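Worksheet: the structure to be examined is printed underneath.
The values are calculated or read from the model by the stated rules, or taken from the named source; none is laboratory data. Not measured: the values here are computed from a predicted model. All Cβ positions, glycine included, derive from the backbone under ideal geometry; neighbour counts span all protein chains shown.
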Amino acid sequence: MRQTRLHIAGRYAADSELELDADKAHYLSRVLRLRVDDELLLFDGEGSEYTATISRMSRSSATLRVGMKTENQAESGLRVHLVQGISRGERMDMVVQKATELGVKRITPVLTEYGVIKLDAARAEKRRDHWQKVAVSACEQSGRARLPLIDAPVPLKTWFGNKPGQVDTEVILKPGAQTPLAGIDAPSTKVCVLIGPEGGFSDIEFEDANVAGFLPVSLGPRVLRTETAAIATLAVLQSLWGDLA
């Protein structure tokens, strides 16, 4: 039986007690049906993981006894930064969920010319908070102890002007590109991959990517949906140069 994993932000020490808020207590007691003396794993989102036991529980609260720190080995040595054109609701949620499961280290949602999603500052922050919760759930399920960094949504052109340096390989998915993703030079540790939204990238955006040093690559002869393209790209990268067997 798979052990329950729970994300609790912050730092905690072995052999200490941890009080849970009402939402997490409800999740453990009503959703997972756990009881006093049941065991679980805690992780802080920054790489640390601990055993824990439920010592007290009521309808609105729960107390955990923190046990030993354990070694988590679910992080890939390949550091993938996904720059993803924002797509509609559930599609973007799927990208965040599956990218997290596949070991992505950073996700930057970008607003593009053909994208159908328009966000003001308030809505952008709400979407970021929502995607962070999706990533937390994916980490709990997949065994990761380190949350991916999820940036605030930003226009693609703005991101090009401020993109991080020190990346081994930068690629952009482009239907019909001559170079297959599997044919690029093997990255040592860091890859940045740029994937468009439902409507794809405009010619100007492809040109901006070229100027920024991104190599156009393809995933084969078929045109994939944006969420499928993200999953397939990360699976190929992790299979060839990461830890996906």
Item checked: Output for region 69-94, where each listed residue is polar (S, T, N, Q), over 19 Å from residue 236 (Cβ atoms) and either modelled with pLDDT of 95 or more or outside any strand (DSSP E or B) (or both) -> 72, 73, 87
Notebook entry, point to check: So which residues in region 112-123 are surrounded by 19 or more Cβ atoms within 10 Å (Cβ to Cβ) and either at pLDDT below 95 or not assigned by TED's automatic domain parsing to the domain that holds residue 146 (or both)?
Noted result: 115, 117
Margin query: Here is a check on your reading of the model: is residue 143 within 24 Å of residue 70 (Cβ to Cβ) and either crowded, with 21+ Cβ neighbours inside 10 Å or in contact with a helix residue (DSSP H, G or I) (Cβ under 9 Å, 6 or more places away or on another chain) (or both)?
Written below: no
Notebook entry, point to check: Residues of region 36-59 being part of a loop (DSSP other than H, G, I, E, B) and not hydrophobic (A, V, I, L, M, F, W, C), which ones?
Noted result: 37, 38, 44, 47, 48, 58, 59
Note to self: Going by what's in this entry, would residue 104 be described as at negative phi, touching a strand residue (DSSP E or B) at 6+ places or on another chain (Cβ under 7 Å), in a loop (DSSP other than H, G, I, E, B) and buried (at least 18 other Cβ atoms within 10 Å of the Cβ)?
What the structure shows: yes
Item checked: Positions within region 210-234 being crowded, with 16+ Cβ neighbours inside 10 Å, out of contact with any Pro (no Cβ under 7 Å at 6 or more places or on another chain) and in contact (Cβ under 8 Å) with a residue 60 or more places away in the chain, in sequence order -> 227, 230, 231, 233, 234
Next item on the list: Check region 60-68 and report whether any residue there is more than 30 Å from residue 16 (Cα to Cα), outside any loop (DSSP other than H, G, I, E, B) and in contact (Cβ under 8 Å) with a residue 40 or more places away in the chain.
Entry: no
Note to self: Just the residues that are surrounded by 14 or more Cβ atoms within 10 Å (Cβ to Cβ) and without any contact (Cβ under 8 Å) to a residue 24 or more places away in the chain, please, taken from region 155-209.
What the structure shows: 168
Check: Is there a residue in region 38-50 that is of a type in the set (Ser, Thr, Tyr), surrounded by 17 or more Cβ atoms within 10 Å (Cβ to Cβ), within 29 Å of residue 245 (Cβ to Cβ) and not assigned by TED's automatic domain parsing to the domain that holds residue 165?
Finding: yes
Next item on the list: Looking only at region 14-35, decide whether some residue is part of a loop (DSSP other than H, G, I, E, B) and touching a Gly at 6+ places or on another chain (Cβ under 7 Å).
Entry: yes
Notebook entry, point to check: Quick one: how many residues across region 2-12 are loosely packed, with under 12 Cβ neighbours inside 10 Å and either farther than 12 Å from residue 43 by Cα or of a type in the set (Ser, Thr, Tyr) (or both)?
Noted result: 2
